[in-house]
Amino acid sequence: MAQTHEHGAHADHGPQGILKYIWSTDHKIIAMQYLFTGMFMAMVGGFMAYVFRMQLAFPGTSVPLYGVVSPAEYNALITNHGSIMIFWVAMPVLIAAFGNFCIPLMIGADDMVFPRINRLSYQVFLLSVLVVLASLFVPGGGFGGAWTSYPPLSANSAYNLTRLGASMWLTAVALEFVAFLLGGINFITTLMNSRAPGMKAYDIPMTPWMIVIASIVFMLSVGPLIAGAIMLLFDQNLGTGFFDPNRGGDPILWQHLFWFFGHPEVYVVLFPAIGMVIDIIATFARKKLFGYKIILYTAVATAVLSFFVWAHHQFIAGIDPRMANIFTVTTLLISVPIAEMLFVSIATLYGGSIHLTTPMLWALAFIGEFLIGGVTGIFLGASGADVYLHDTYFVLAHFHYTFFPIAIIGTFAAFTYWFPKMFGKMMDDRLGKIHFWGTVIPFNVIFIPLFVLGLGGQHRRIYNFQNFPELQHMQPLRILATGALIVMLFFQIFFFWNVIKSWISGPKAPKNPWKANTLEWTADSPPPHGNWPPDQLPKVYRGPYEYGHPDAPEGMDYWPQNLPPQNQPARG
Amino acid sequence: MVERLIQEASSFAGSIDGLIALVMVLVGFWLILAEAVFFWLIFRFRAKPDVRTQYITGKEKHLKRWITIPHALVLVCDVFIIVGAVRVWYNVKQHLPEADYTVRVIGQQWAWVFQQPGQDGELDTADDIYTTDNLYVENEKTYHFELTSRDVLHDFSVPVFRLKQDAVPGRTITGWFRPTVAGTFDIQCAEICGIGHGVMLGHINVQTASEHEQWIAQHSPASAQ
């Protein structure tokens, strides 16, 4: 294989010393770069949440570690919290970090198909990180027009008062899209071309499948938004009027371009999370998936439908009211495949032997919490109810009940599951469980009050609700949510403590600590550059979920994909 | 449900709250059922020594129906919700009942400007009354509003009316409401519009017929001449 040869060359003449970690083409090193950058940005985004939640709970007081929050700073904080958590945490960690780490290892490849494009992808991403962080410190402050960046507010510095901040924010987002287009090409091509001998389409584990479906959805949806972003940059800096009604432009055009990407984007981050969660559930329930093909087909159905629901974000934005009826139908229809995907995940538990390890707790919490996020979306998809609920805290609580399970719970599930493979050490289960309960319980205490606030008519992106007489009496709920956030942030200390402690002095991880079937567990922990010795790349004889198979070797409740069949034919 | 948190003060508020309650019942049923099954399965099939996991592919007919029947039922619930949503939507947004009065609502950074007819009952005449941040309307009358913006997007939201509509520069969007309770209520701007978004508060003052007649008479520029 040409690639194998190329990698051999890399191992000999590749960068040495510190350059090995910052100039590497090894998919695992690039995964770590994305992972640590994403974690750093999660801390930035979490700190922002702390600052503006403190402002909402105790308006006008000086926030410890920050100071008094001005209205302009408040807007910049919420805007960048949202953008960072989606574009610089959820996407780099779920898709880029775990995609890079898991795809080659889980399909038995020695690396990505285009290792140098992979390195370029991270470098462009890093540039976007630097631009968005710098945008917070330029004169005028960071952009404060919400992560949706609706014009004319975002297009004209006379309105937003953040001339540099707005353009830098937009440039950073566009650069981030470029990075993920480069990464997406790699994921799709690698899955198509580099699978281990014998691995047919239905033998691919869910994690690679879902990351690739997500990459396809991303690549198909992001084009219009990149075009829109360029037009908006021109409006900001060159005096064009694409979105300016005074010069024949249309501000609502931006909303269509944005949400045509923005809604599929939800599924772009959901799919990788659900793929990893399903893999973890199968491993720790010791169960074959209840309907592999159902999960795959419902994911594809969701992906297709996700392109036809975008205008449910715009019911009351001034679109033709008749349009809302069509988008209500498509939006409610998308609940069917998503519900079915969750039902199948739950049904997989039936007849299993469930081991409540730390990764399994995270994976199960994903299902339990995401259900709440899913069903509360129905309220908003129903146009008649959205008239009232649009842009209230009900929306905010709803999408945090989807994004938090995806980006935080899903990430912790995957991180604790693959940590032994990534770092060659076992994590501390007791610290892991303290961190789990200390995160999941406060999460619910933060966002259930916000549902109530939304139903009570509280709108988003307002820096002080004391100004609104009808909303004053709900202040205890705001304080409760802020208190729970601080508790949750505190418990993250246990996570970092666990990571550092396990990395330094944890027990050495065996190749396959969880007794799982998929190929990454046949490589060393951690795998070397090239993953397997070039002459020992794995071959595949069966699907990834053959737990409890009656023909499995004596004494094993699992049957690794690479284990040659003993007496019986490989496939029945 | 919603009316316990914030009162209903328009003719369509009850139908929107009713729709929210319908969705609450249907999705609440599914949520509780799914979570109950989920936790029961985790408890029932927790790892026990000497109990081997079962080999189930999901193709077994008697097991597969545990997925296919809920699948069909979710679809049925969706149809109920779609019908309810479209009916409410049609009445609130798509259909314009005959108006008793028409007012113009203009959003700008960061205030609401209201223009309403004076004693002649006609908009865009010399006796129009302009007010800022306070709209005075008569109870139990159907109002059309012509909503627009001078600069960026705003959103005219009256939570007690369950009314919400974006104001878009360059467009005039016509909607309606019919107050049913006299009193003073909040108008919130519900679309981020810059650093003053958080103080873009207005009030809608719903008056009785006689109060409103008096108010019009006092404030019409023509009567002052």
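Just one residue in the set A:THR402, A:THR416, A:THR439 is more than 11 Å from chain B (Cβ to nearest Cβ) and within 29 Å of B:ARG4 (Cβ to Cβ); that residue is A:THR402. Checked against (1) more than 30 Å from B:ARG46 (Cβ to Cβ); (2) part of a helix (DSSP H, G or I), A:ALA299 meets all criteria but (1). The combined condition, being open to solvent by less than 60 Å² (accessible area, probe 1.4 Å), part of a loop (DSSP other than H, G, I, E, B), without any contact (Cβ under 8 Å) to a residue 12 or more places away in the chain and not hydroxyl-bearing (Ser, Thr, Tyr), is not fulfilled by B:GLY28. Residue selection: A:VAL445 fails the criterion of being at the interface with another protein chain (Cβ under 9 Å from one of its Cβ atoms), in contact (Cβ under 8 Å) with a residue 12 or more places away in the chain, surrounded by fewer than 22 Cβ atoms within 10 Å (Cβ to Cβ) and not in a loop (DSSP other than H, G, I, E, B). Taking the numbered list (1) touching a Phe, Trp or Tyr at 6+ places or on another chain (Cβ under 7 Å); (2) on the phi < 0 side of the Ramachandran plot; (3) within 11 Å of chain B (Cβ to nearest Cβ) in turn, A:THR358 passes all entries but (3). Is it the case, given these coordinates, that B:GLN165 is of a type in the set (S, T, N, Q) and open to solvent by 50 Å² or more (accessible area, probe 1.4 Å)? So B:GLN165 does not fit the description; no.
Picking from B:ARG87, B:ARG104, B:ARG65, which residue would you name as being open to solvent by 30 Å² or more (accessible area, probe 1.4 Å) and in a strand (DSSP E or B)? Unique residue meeting the criteria: B:ARG104. Per the listing A:GLY384, A:GLY374, the residue uniquely assigned to a helix (DSSP H, G or I), under 22 Å from A:TRP310 (Cα atoms), within 14 Å of chain B (Cβ to nearest Cβ) and in contact (Cβ under 8 Å) with a residue 12 or more places away in the chain is A:GLY374.
Here is a yes/no grid of residues against (1) of a type in the set (Val, Ile, Thr); (2) open to solvent by less than 30 Å² (accessible area, probe 1.4 Å); (3) within 17 Å of A:PHE260 (Cα to Cα):
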residue: A:VAL300; (1), (2), (3): yes, no, no
residue: A:LEU305; (1), (2), (3): no, no, yes
residue: A:PHE308; (1), (2), (3): no, no, yes
residue: A:VAL344; (1), (2), (3): yes, yes, no
residue: A:LEU356; (1), (2), (3): no, no, no
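Within region A:61-84, identify whether any single residue is among the aromatic types (Phe, Trp, Tyr) and out of contact with any Ser or Thr (no Cβ under 9 Å at 6 or more places or on another chain), and answer yes or no. Yes, region A:61-84 has at least one match. For region A:226-250, a residue qualifies if it is surrounded by 19 or more Cβ atoms within 10 Å (Cβ to Cβ) and under 29 Å from the mean Cα position of the chain (by Cα), and the qualifying residues are A:GLY228, A:ALA229, A:MET231, A:LEU232. Within region B:35-59, the residues that satisfy the criterion of being open to solvent by 50 Å² or more (accessible area, probe 1.4 Å) and more than 12 Å from A:LEU349 (Cα to Cα) are B:ALA36, B:LYS48, B:PRO49, B:ASP50, B:VAL51, B:ARG52, B:LYS59. Among the residues of region B:88-114, those identified as more than 7 Å from chain A (Cβ to nearest Cβ) and either among the β-branched types (Val, Ile, Thr) or without any contact (Cβ under 8 Å) to a residue 12 or more places away in the chain (or both) are B:TYR90, B:HIS95, B:THR102, B:VAL103, B:VAL105, B:ILE106, B:VAL113. Here are B:PHE38, B:PHE80: which of them is at the interface with chain A (Cβ under 9 Å from one of its Cβ atoms), touching a Leu at 6+ places or on another chain (Cβ under 9 Å), free of Cβ contacts under 8 Å to residues at least 60 places away in the same chain and among the aromatic types (Phe, Trp, Tyr)? Result: B:PHE38 is the single residue among B:PHE38, B:PHE80 that is at the interface with chain A (Cβ under 9 Å from one of its Cβ atoms), touching a Leu at 6+ places or on another chain (Cβ under 9 Å), free of Cβ contacts under 8 Å to residues at least 60 places away in the same chain and among the aromatic types (Phe, Trp, Tyr).
Residues are listed down the side, and each one gets a yes or a no for (1) over 13 Å from A:VAL268 (Cα atoms); (2) hydroxyl-bearing (Ser, Thr, Tyr); (3) surrounded by fewer than 21 Cβ atoms within 10 Å (Cβ to Cβ):
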site: A:SER167; (1), (2), (3): yes, yes, yes
site: A:THR190; (1), (2), (3): yes, yes, no
site: A:SER194; (1), (2), (3): yes, yes, yes
site: A:PRO197; (1), (2), (3): yes, no, yes
site: A:PHE218; (1), (2), (3): no, no, no
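Could you go through region A:286-299 and let me know if any residue there is within 9 Å of chain B (Cβ to nearest Cβ), in contact with a helix residue (DSSP H, G or I) (Cβ under 9 Å, 6 or more places away or on another chain) and more than 26 Å from A:LYS200 (Cβ to Cβ). No. Taking the stated definitions as given, is A:ALA57 small (Gly, Ala, Ser) and either open to solvent by 10 Å² or more (accessible area, probe 1.4 Å) or farther than 30 Å from A:PHE465 by Cβ (or both)? Judged against the criteria, A:ALA57 is not a match. The listed residues are A:GLU520, A:GLU470, and the only one of them that is charged (D, E, K, R) and either surrounded by fewer than 16 Cβ atoms within 10 Å (Cβ to Cβ) or within 14 Å of chain B (Cβ to nearest Cβ) (or both) turns out to be A:GLU470.
The lone criterion from (1) within 14 Å of another protein chain (Cβ to nearest Cβ); (2) more than 22 Å from the chain's Cα centre (by Cα); (3) surrounded by fewer than 24 Cβ atoms within 10 Å (Cβ to Cβ) left unmet by A:LEU431 is number (1).
Listed by first and then second residue, the pairs linking a residue in region A:396-413 that is within 16 Å of A:MET276 (Cβ to Cβ) to a residue that is among the aliphatic types (A, V, I, L, M) and open to solvent by 10 Å² or more (accessible area, probe 1.4 Å), with Cβ atoms under 6 Å apart and 6 or more places separating them unless they lie on different chains, are A:ILE409/A:ALA365. For region B:107-140, give me the residue count where each residue is part of a loop (DSSP other than H, G, I, E, B) and closer than 21 Å to B:ASP155 by Cβ. Number satisfying all stated conditions: 3. If you take the residues in region B:3-17 that are in a helix (DSSP H, G or I) and free of Cβ contacts under 8 Å to residues at least 24 places away in the same chain, which one is farthest from the other protein chains (Cβ to nearest Cβ)? Restricting to residues being in a helix (DSSP H, G or I) and free of Cβ contacts under 8 Å to residues at least 24 places away in the same chain, the top hit is B:GLY14.
The values are calculated or read from the model by the stated rules, or taken from the named source; none is laboratory data. Please read all numbers here as calculations on a predicted model, not as lab measurements. When we count neighbours, we look across all protein chains shown, and the Cβ atoms used for this are built from the backbone with ideal geometry, even at glycine. Keep in mind that these areas ignore ligands, DNA and RNA; they rest on the heavy atoms of the full protein, side chains included. Shrake-Rupley method; radii C 1.70, N 1.55, O 1.52, S 1.80 Å.
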